[in-house]
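Engineer: Sharing a structure here in structure tokens format.
All of the numbers you see were taken from the coordinates with simple rules; none came from a lab. Note that the coordinates shown come from a computational prediction; the quantities given were computed from them, not determined experimentally. Every residue, glycine as well, gets a Cβ built from its backbone with ideal geometry; the counts of neighbours run over all protein chains shown.
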Amino acid sequence: MTAASKQSTKPYGQSPNYHVHPRNITYIDVRTFMIVHLMSKVGFQANEAVTNLKLLEKGFSREDLALTVLIDFPFSILFGYYAAKWSSGPRPLMPWMLAFVGRLLSAVLNMGIVAMFPKSGVGFAYFVLVIFAHVATSFMRYSTIFEANIVPSCS
């Protein structure tokens, strides 16, 4: 049998990858990483959901929030691309670790933004601050998405 015919008998697609996952879960480092990842997701999701709701509750208009999300959209595409490129480098876990710290700082920034909501109405400076915080949170979120490729498949 030639090398080409041996290679052609291997299954293609995603199915072979799923057979490796139970073996990877047996590693203590992978289990620890999964627990840290899942626990952090709970806090980060609460921050991202509650920030917008609290801003609306305090008087931030829906139109301004929609404009913030509209401005954030092109940045999300760029951030996703660069986060994927960065996480495929020689240290693929580094973007996740930096984004984890960044998301913690982003949560503190978002709490501060909600706490200092102006009583006289939303001015231009406050609106720019909300846009900056939303874009920064988006960048940190997309930087933590691509860690799925860092667990090597052990054959």
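Engineer: Order of TYR81, TYR142 from fewest to most other C-beta atoms within 10 Å?
Structural biologist: TYR81, TYR142
Engineer: Taking the convex hull of the Cα atoms, report for segment 98-145 its projected area averaged over all directions, in nm².
Structural biologist: Across all orientations, segment 98-145 yields a mean hull projection of 3.1 nm².
Engineer: Here is a further query. I want to check a number: in segment 19-149, how many lysine pairs have alpha carbons closer than 27 Å, given a sequence separation of 8 or more or different chains?
Structural biologist: Count of close lysine pairs: 5.
Engineer: Once you have the alpha carbon radius of gyration of segment 19-149, what is it after dividing by 2.2 N^0.38 Å, with N set to its residue count?
Structural biologist: Cα-based Rg divided by the globular estimate yields 1.22.
Engineer: If r is the Cβ-Cβ distance from LEU98 to GLU63 and R0 is 25 Å, what FRET efficiency results, to the nearest 0.05?
Structural biologist: 0.15
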